[in-house]
Amino acid sequence: MPSDTAQSRLAEIQARIARAATTAGRKPTDVALIAISKTHDAEAIRPLIDAGQRVFGENRVQEAAAKWPALREAHPDIRVHLVGQLQSNKAREAVELFDALHSVDRPSLVAALAKAMDESGRRPDCFIQVNIGDEPQKGGVAVADLPALLAESRAAGLPVVGLMAVPPVGVDAAPYFALLAKLARDSALDGLSIGMSDDFETAVTIGATHVRVGTALFGARA
Ligand SMILES: *Cc1c(COP(=O)(O)O)cnc(C)c1O
């Protein structure tokens, strides 16, 4: 992808985020754009870095480990977030590699992350992922189990900053976003990781602090 295209796509997404934020009486700077670069190689990512994007997201530890150390070398201010499911046996690697983890969703993972953080001294921001549509195939803690998992995470010393969800596809995401926003308020959490290419403006009007946009920035994944 030529860099002018990456630049114009980035500018367009930023403008749409800013417009949605302003419409909702929010500050555009209160919304972080995470460029979801999963499946895209360094050649596709570099134009976005050159255009000024600094926050990226990946869904697999192995893929991120292969791509990001080299890309970050020239730009130490880059931040990489994990947005995909995390196996407990990869907790240590994830804690060392990522600046934020959006998929904390079960007690065994909380324990593995707490141990990895204590051992490594690194403490990436944690989002608790909620299975907001109660879908069996999806990750995330059940809504009813959120308070207990949150208490457990806090007791284990995880720096929990917010909630994350991926609502069901093919239906209006707004009610799911609103439910997650309410759960976050009830939990005294400021962070809200919601909104993807098709619905990030809706997410921003409902309070997203982090939107996760892949396709609209990079084009379709193979
Ligand atoms: C892939 C992915 C995204 C980005 O989705 P797009 O529709 O390409 O914007 C966001 N969040 C998660 C958890 C993902 O896995």
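The values are calculated or read from the model by the stated rules, or taken from the named source; none is laboratory data. Note that the coordinates shown come from a computational prediction; the quantities given were computed from them, not determined experimentally. FYI the Cβ positions are ideal-geometry reconstructions off the backbone, even for glycines, and counts take in every protein chain you see. The area values use the complete protein model at the heavy-atom level, side chains included, leaving out ligands, DNA and RNA. Shrake-Rupley method; radii C 1.70, N 1.55, O 1.52, S 1.80 Å.
The packing ranking, built from the mean of other Cβ atoms within 10 Å per residue, places the peptides 71-79, 178-186 in the order 178-186, 71-79, highest first.
Global size of the stretch 3-218: 16.6, 48 Å for Rg and Dmax (C-alpha atoms, Rg to one decimal, Dmax whole).
Based on protein heavy atoms only, the stretch 3-218 ends up with 44 Å² per residue of surface accessible to a 1.4 Å probe. Set against the 2.2 N^0.38 Å expectation for a compact globular protein, the stretch 130-222 has a Cα radius of gyration ratio of 1.11. If R0 equals 25 Å, the separation of the Cβ atoms of THR22 and SER197 corresponds to a calculated FRET efficiency of about 0.75. Charged neighbours of ALA208, selected by a Cβ distance under 12 Å, balance to -2 (K, R count +1; D, E count -1).
A simple spin-label model places the labels of GLN87 and ALA144 3.0 nm from each other, with each point 7 Å out along Cα-to-Cβ.
At 222 nm, what value in deg cm²/dmol follows for the chain if DSSP H runs of at least 4 each add -39500 (n - 2.57) and the sum is divided by all its residues, to the nearest 500?
My calculation for the chain gives -13500 deg cm²/dmol from helical runs alone.
Ordering of 22-29, 207-214, 143-150 by packing is 207-214, 143-150, 22-29, highest average first (other Cβ atoms within 10 Å, averaged per residue). Only protein heavy atoms count here; under a 1.4 Å probe, LYS90 has an accessible surface of about 60 Å². Taking label positions 7 Å along the Cα-Cβ direction at both THR5 and GLU96, the computed distance is 3.7 nm, reported to one decimal.
Over the chain, what is the mean sequence separation of C-alpha contacts under 8 Å (at least six apart), divided by residue count, expressed as relative contact order in percent? It rounds to 21 percent for the chain.
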